[in-house]
Amino acid sequence: MDMVNLKINGQAVTVPAGYTILEAAREAGIDIPTLCYLKDASQTGSCRMCVVEIVGARALQAACVYPVAEGIEVLTHSPKVKQARKSTLELLLSNHDRSCLTCVRNKNCELQTLSEELGVSEIPFQGEMIKREIDDLSPSIVRNNNKCVLCRRCVNVCKNVQTVGAIDVTERGFKSQIASPFNMPLSDSNCVNCGQCIAACPTGALTEKDNTADVFDAIADPEKYVIVQTAPAVRAALGEEFGYEIGTPVTGKMAAALRRLGFDRVFDTDTGADITIMEEGTELIERIKNGGKLPLITSCSPGWIKFCEHSFPDFLDNLSSCKSPHQMFGAVLKSYYAKKHNLDPKKMFVVSVMPCVAKKFESQREEMEHEHLRDVDCVISTRELAKMIRQSGINFKSLPDEKFDIPFEEATGAGVIFGATGGVMEAALRTVADVLENKNIDKLEYHEVRGTEGIKEATVNIAGKDIRVAVAHGLGNARKLLDSIRSGEKQYEFIEIMACPGGCVTGGGQPIVNAKTYMEHDLKAERAKALYSEDERAAIRKSHENPDIVLLYKEFFGEPGSHLAHELLHTHYTARNRYTK
Amino acid sequence: MEEKKRMPFKGTKEQEQQLMEVIESYKGTDGAVIPVLHAAQDIYGYLPIEVQTMIAEGLNVPLAEIYGIVTFYTQFSINPKGQYKIGVCLGTACYVKGSGDILEKIKELLGIDVGECTPDGKFSLDATRCIGACGLAPVMTINDDVYGRLTVDDVADIFSKY
């Protein structure tokens, strides 16, 4: 590797050629402030927060895009640099809704942090402020352009990483704003609700639709029997909200916190994942045996589903007809569980805690009900759960580790890895292999589908038959993969797609990580590790061996893919316009 | 986010055919969006959502990006021009003589903003730079007719002639 020598603040630094000054400085332990920069997603050099002085150069340069060169001398905190940054920030703040106290990103806002770090003590520029209408019509995402700093991180993630392009910069000059085409509400656009824009936003301009009040109300209503279920990925990140290291699983404390919040029953969506494997695995085997439509593509990720409906309607028949795990589990709770425990399903209120904001949209799709009972009544994100815990005076760190409620107390290791890219594929292969071979196979781990590479491929031989599989995460990768199938270049039998890069562990509803932490951590891999370690410790690691699942089919559904299973656990899809709802 | 009433899109099959040929000739070329937008505006006179959507789908560029480009450059218009094109001069002399108030009055009378067209397609409104008739300030034009030394109260009477 070619190395380059330079000096930063007088300190000699040697870094690989191709590094930016920002990256070189971070390696040398020097923090250059950034705002529009986001690793792997946004490098536009437009906000001028990271400007540095290069000795001998005419103007200040943006460190996030300026490549290192042999012998240059960089000053990151000279008086000239500090003054330039501060003035730029003061100008940005002069047209910013500075209601920090009531902002959802209070204490977790990069603009606020910059303001402190750069020593802004007053806003010297008092000028016109543009008042923007708040778009809160989407069930998943709220856009408040009064808090937008036009950094374009959301645009870059939406357009370049996800290849959705629901928003862009519109108008010019002082009137510039990030908007959907023709300023339509996000809910009328081709937005897939993945929420990666929220994860990318440095301020409170993009947030989830807050449903915590609905949950508090339901809990306080004595008429309602309120059941909560938590997705696998939530346990891998919730701890970050309470000061734990990234990648610390907090399953036991989470269950304890939910019980203290007053939920009548605390269940694990991992059980729903195990049901999904029973149904989806059966669907795969049937399609392979009976010459059905292949490749079969997983349907757990509602962002991916809407993306497919907009951009790849010719693949709708490839989608598994399975509802996603929490929808399946909701349907089971209001039927099987209600019957078994003599509960009136009309009085049941099912809350899903999800690492995802697209699940909010999904739960409101009209298909997601049976006999006028909604499968799931309310979806909150990991962030909203953390907020509820804080608002209820629960000292999270001092909680004991508790278990989920009986039945469905122990889901399988297969269910828990659903939260990471490749996890649904691996869980399915564990069951499909056993069913097709008609015996208990020792192989549990399919490392070829693990990891954070954008598209993973493998050929798995089961019962003398080669099954070609592929896994894509992030919709840009999904698009690449589907294009290669459309063109006839690639063929597969089974594909897993998750909308968010990294899968659910880095979903749009997870705790927000700032740009600096993104540089220092491999967030996708570290959070995924929490799930794989839980899988390793699990007593049962194959969905079809979960005794609660065995009982569920024996007492209620009969067989996977039965008529009743289809009524409750399966769904259908609708082709949509490419760029509007 | 409330939707304003707008003139219904009246594109013809022939216009669509023409646009498709333009898009086809630019497919796969870098920087195709702006020349295609120019051609589309020549064909249709303006760039409504229906036209921008055809371009987005044809060139494989998100509609939001197309819309961003159209709203950035002043030579592109998302609204049609009316049968009668009103121009209110906001040059220095006219402005000093109160053409700003006249513009406000017109907006109020027609219920449209600068750059827009009434839903019936009759009037469209633009603010212009100096048109060289400073001696008559403040000045308004309607197609080729020039109205000078205007007062706010004249506007309604003038419109009734059209």
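The values are calculated or read from the model by the stated rules, or taken from the named source; none is laboratory data. Because the structure is a prediction, the values reported are computed rather than measured. Here Cβ is always computed from backbone atoms with ideal geometry, including for glycine, and neighbour counts include all displayed protein chains. Heavy atoms of the whole protein, side chains included, go into the accessibility calculation; ligands, DNA and RNA do not. Shrake-Rupley method; radii C 1.70, N 1.55, O 1.52, S 1.80 Å.
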Item checked: Qualifying residues in segment A:526-576 (those that are crowded, with 17+ Cβ neighbours inside 10 Å and small (Gly, Ala, Ser)) - the one nearest to the chain's Cα centre (by Cα) -> A:528
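Against the definition (open to solvent by 60 Å² or more (accessible area, probe 1.4 Å) and of a type outside the set (A, V, I, L, M, F, W, C)), how does residue A:27 come out, yes or no? Full working, then the answer.
Values: open to solvent by 60 Å² or more (accessible area, probe 1.4 Å): yes; of a type outside the set (A, V, I, L, M, F, W, C): yes.
Against the criterion (open to solvent by 60 Å² or more (accessible area, probe 1.4 Å) and of a type outside the set (A, V, I, L, M, F, W, C)), residue A:27 qualifies.
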Checklist line | Selected residue (only one of A:354, A:348, A:328 is closer than 16 Å to residue A:232 by Cβ and in contact with a Leu (Cβ under 8 Å, 6 or more places away or on another chain)) | finding: A:328
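Of the residues A:69, A:41, only one is at pLDDT below 95, under 38 Å from the mean Cα position of the chain (by Cα) and of a type in the set (A, V, I, L, M); which?
Values: A:69 fails: at pLDDT below 95.
Step by step, each of A:69, A:41 is checked, and only A:41 is at pLDDT below 95, under 38 Å from the mean Cα position of the chain (by Cα) and of a type in the set (A, V, I, L, M).
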Checklist line | Candidate set: segment A:377-429, residues that are of a type in the set (Ser, Thr, Tyr) and not in a helix (DSSP H, G or I); chosen: the one nearest to residue A:301 (Cα to Cα) | finding: A:421
Next item on the list: Sort out which residues of segment A:152-167 are closer than 11 Å to residue A:42 by Cα and either out of contact with any helix residue (DSSP H, G or I) (no Cβ under 6 Å at 6 or more places or on another chain) or of a type in the set (Ser, Thr, Tyr) (or both), and write them in order of number.
Entry: A:152, A:155, A:156, A:159, A:160
Next item on the list: Select from segment B:59-107 the residues that are among the hydrophobic types (A, V, I, L, M, F, W, C), within 27 Å of residue A:152 (Cβ to Cβ) and within 19 Å of the chain's Cα centre (by Cα) and write down the one among them that is farthest from the other protein chains (Cβ to nearest Cβ).
Entry: B:76
Margin query: Just checking, does segment A:357-371 include any residue being open to solvent by less than 20 Å² (accessible area, probe 1.4 Å), part of a loop (DSSP other than H, G, I, E, B) and not aliphatic (A, V, I, L, M)?
Written below: no
Next item on the list: Given the conditions (1) more than 14 Å from chain B (Cβ to nearest Cβ); (2) touching a Lys or Arg at 6+ places or on another chain (Cβ under 6 Å), report the number of the one that residue A:240 does not fulfil.
Entry: (2)
Check: Only one of these conditions is not met by residue A:156: (1) surrounded by fewer than 22 Cβ atoms within 10 Å (Cβ to Cβ); (2) facing chain B (nearest Cβ under 10 Å); (3) not in a strand (DSSP E or B). Which number is it?
Finding: (2)
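Given the structure, is residue B:103 in a helix (DSSP H, G or I) and touching a residue at least 12 places away in the same chain (Cβ under 8 Å)? Quick ask: steps written out before the conclusion?
On the way: in a helix (DSSP H, G or I): yes; touching a residue at least 12 places away in the same chain (Cβ under 8 Å): yes.
Against the criterion (in a helix (DSSP H, G or I) and touching a residue at least 12 places away in the same chain (Cβ under 8 Å)), residue B:103 qualifies.
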Next item on the list: Check segment A:181-192 and report whether any residue there is touching a strand residue (DSSP E or B) at 6+ places or on another chain (Cβ under 6 Å), hydroxyl-bearing (Ser, Thr, Tyr) and at pLDDT 95 or above.
Entry: no
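Of the residues that sit in segment A:160-194 and are in a loop (DSSP other than H, G, I, E, B) and more than 11 Å from chain B (Cβ to nearest Cβ), which one is nearest to residue A:39 (Cα to Cα)? Spell out the reasoning first.
Step one: list which residues in segment A:160-194 are in a loop (DSSP other than H, G, I, E, B), which gives A:162-167, A:171-172, A:176, A:180, A:184-185, A:190-194.
From what's left, more than 11 Å from chain B (Cβ to nearest Cβ): A:192-194.
Values: A:192: 22, A:193: 22, A:194: 19 Å.
Looking at the filtered set, the residue picked out is A:194.
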Check: When you go through (1) open to solvent by 20 Å² or more (accessible area, probe 1.4 Å); (2) within 14 Å of chain A (Cβ to nearest Cβ) one by one for residue B:18, which number turns out not to apply?
Finding: (2)
Item checked: Selected residue [under 19 Å from residue A:190 (Cα atoms) and not aromatic (Phe, Trp, Tyr)] from A:345, A:325, A:313 -> A:313
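Residues of segment A:200-234 being part of a helix (DSSP H, G or I) and either open to solvent by 20 Å² or more (accessible area, probe 1.4 Å) or farther than 23 Å from residue A:250 by Cβ (or both), which ones? Talk me through it step by step, then tell me what you get.
Of the residues in segment A:200-234, the ones part of a helix (DSSP H, G or I) are A:200, A:212-220, A:232-234.
Across segment A:200-234, the qualifying residues are A:200, A:213, A:214, A:216, A:217, A:218, A:219, A:220.
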Checklist line | segment A:26-38, residues that are under 19 Å from residue A:522 (Cβ atoms) and under 22 Å from the mean Cα position of the chain (by Cα) | finding: A:37, A:38
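Do we find a residue being small (Gly, Ala, Ser) and part of a helix (DSSP H, G or I) anywhere in segment A:544-564? Don't jump to the end; show me each part of the working.
Let us first name the residues in segment A:544-564 that are small (Gly, Ala, Ser), namely A:558, A:561-562.
Now narrow it down to the ones that are part of a helix (DSSP H, G or I): none.
No - not one qualifying residue is present in segment A:544-564.
Of these, B:153, B:126, which one is among the acidic types (Asp, Glu) and under 15 Å from the mean Cα position of the chain (by Cα)? Please lay out each step first, then the result.
On the way: B:153 fails: under 15 Å from the mean Cα position of the chain (by Cα).
Criteria check complete, one pass: B:126.
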Check: Could we say that residue A:253 is modelled with pLDDT of 95 or more, open to solvent by 20 Å² or more (accessible area, probe 1.4 Å) and closer than 26 Å to residue A:480 by Cβ here?
Finding: no
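Name the strands (runs of 3 or more DSSP E) wholly within segment B:111-162 that hold at least 1 residues that are under 16 Å from residue B:46 (Cβ atoms)?
Details: elements: B:123-128, B:140-142, B:145-147.
Where strands (runs of 3 or more DSSP E) fall fully within segment B:111-162 and carry at least 1 residues being under 16 Å from residue B:46 (Cβ atoms), they are B:123-128.
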Next item on the list: Give just the number: which of (1) more than 14 Å from chain A (Cβ to nearest Cβ); (2) within 24 Å of residue A:187 (Cβ to Cβ) does residue B:9 not satisfy?
Entry: (1)
Next item on the list: Among the numbered conditions (1) in a helix (DSSP H, G or I); (2) within 14 Å of another protein chain (Cβ to nearest Cβ); (3) buried (at least 18 other Cβ atoms within 10 Å of the Cβ), tell me where residue A:138 comes up short.
Entry: (1)
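Residue check: is residue B:83 of a type in the set (S, T, N, Q) and surrounded by fewer than 15 Cβ atoms within 10 Å (Cβ to Cβ)?
Working: of a type in the set (S, T, N, Q): yes; surrounded by fewer than 15 Cβ atoms within 10 Å (Cβ to Cβ): yes.
Yes, satisfied.
Quick check, is residue A:197 within 14 Å of chain B (Cβ to nearest Cβ), closer than 18 Å to residue A:301 by Cα and in a helix (DSSP H, G or I)? Show your work before the answer.
Working: within 14 Å of chain B (Cβ to nearest Cβ): yes; closer than 18 Å to residue A:301 by Cα: yes; in a helix (DSSP H, G or I): yes.
In short, yes.
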